[in-house]
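Report on the following structure.
Read-outs throughout are calculated quantities, based only on the coordinates presented, and are distinct from any laboratory measurement. Please read these numbers as outputs of a predicted model, since none were measured by experiment. Here the Cβ positions follow ideal geometry from the backbone for every residue, glycine too, while neighbour counts run over all protein chains shown.
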């Protein structure tokens with residue numbers, strides 16, 4: 001199979017490329033390196049079935065050629081991370097809407113199947129737990145920057161499903177819930193790599209808010225295997241799926257486990273939301289996916305629990321801290 005991954009030098013995209021190459025596929029990626037990094041794919045360049053293009057998905061001639069080569073498209077390119085979303089709402093909206101529109105339009109010309117990466121953010125401020133794919137979405141007001149990301153990804157979903165219904169484009173939508181693992185950056189607000197790096201350097205582990213907000217963290221390898229299986233399942237076409245783990249943990253407890261598992265002397269400190277993200281920031285107390293639909297469809301079951309995820313991220317960060325010039329293996 002010939003696969004195209006947009007955002008392929010990003011955290012999830014690079015792991016997806018690895019998984020596809022491991023089973024013998026030919027992989028093309030495109031990434032503008034705005035949030036991804038070439039280090040994520042350096043170790044893949046030796047594989048003659050791996051091809052990469054450093055460019056934006058908004059370059060239509062380049063994208064048209066890549067789409068033409070592909071048997072399946074995984075559209076992961078997007079603005080990512082709470083901090084980036086809050087600080088750069090224009091970039092967030094334009095990246096998410098324009099990129100998806102171009103990918104879907106080009107794919108539709110050749111009827112190439114598309115996986116659209118969406119997010120648990122689309123559930124917004126809903127307090128109905130766990131979140132089910134058929135639930136109403138409760139997006140916050142436009143003057144709160146965080147909701148620009150949620151709204152733009154919801155529009156991406158609407159557009160993808162419209163292409164499916166009106167133009168018979170095979171699409172599958174996956175809503176990712178806090179995907180974590182080696183190679184994830186903490187630069188844009190991702191909590192686990194930020195905690196681990198603070199703990200390993202002896203800096204204070206900074207918890208935003210009171211820390212009693214809870215999340216579910218899905219291991220990246222579990223997530224990418226689910227994505228691949230969904231694209232091989234005819235019953236998944238035209239459907240939306242939650243993808244992640246339903247093992248819930250508070251951010252306070254996450255910080256305590258990172259501190260303990262890394263044997264760190266770091267102090268755990270709390271930082272008010274307005275100090276971390278600016279005035280008016282809104283957060284959700286709980287975010288838990290209902291995984292019944294994806295379990296029924298592909299027999300999905302998360303394999304890696306939170307403690308093992310933390311250990312693997314710690315191991316990865318320790319290795320690269322001690323060998324900064326070593327090849328970026330993602331091990």
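Per residue and in Å³, how big is the convex hull formed by the alpha-carbon atoms of the chain? Working shown, then result.
Details: hull volume 39.9 nm³, N = 331.
Spread over its residues, the Cα hull of the chain gives 121 Å³ apiece.
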- [ ] For region 1-122, list log₁₀ I(q)/I(0) at each q in 0.18, 0.19 Å⁻¹, using the Debye formula over Cα point scatterers of equal strength and ignoring solvent, two decimals each.
- [x] -0.90, -1.00
TODO: Any chance you could run the full-extension gain for residue 155 through residue 38? It's 0.36 nm times the residue separation minus the Cα-Cα distance, nm to one decimal.
DONE: 39.2 nm
Task: Efficiency of FRET from Cβ geometry, residue 98 and residue 125, R₀ 30 Å, rounded to 0.05 - done: 0.70
Task: Paramagnetic label zone (point 7 Å from Cα along Cα-to-C-beta, residue 232; backbone N under 16 Å) in region 24-39 - done: 24-27
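Could you state, as a whole-number percent, how many of the C-alpha pairs of region 140-214 are farther apart than 16 Å?
On the way: 1898 of 2775 pairs.
In whole percent, the long-distance tail amounts to 68.
Note down the relative contact order for the chain as a percent, whole number, built from C-alpha pairs under 8 angstrom at least six residues apart.
Values: 640 pairs, mean separation 59.9, N = 331.
Normalised by residue count, the contact order of the chain is 18 percent.
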Open item on the list: So if I take the centroid of the Cα atoms in region 1-34 and the same for region 233-282, what is the distance between those two points in Å?
Closed with: 25 Å
Open item on the list: Could you check the spin-label model distance between residue 253 and residue 143? Points 7 Å from the Cα along Cα→Cβ, value in nm.
Closed with: 3.7 nm
Task: region 103-152 shape via C-alpha gyration tensor axes, a/c threshold 1.5 - done: oblate
- [ ] Counting helices only, and only those DSSP H runs with n ≥ 4, report the 222 nm mean residue ellipticity of the chain as the sum of -39,500 (n - 2.57) divided by its residues, in deg cm²/dmol to the nearest 500.
- [x] -12500 deg cm²/dmol
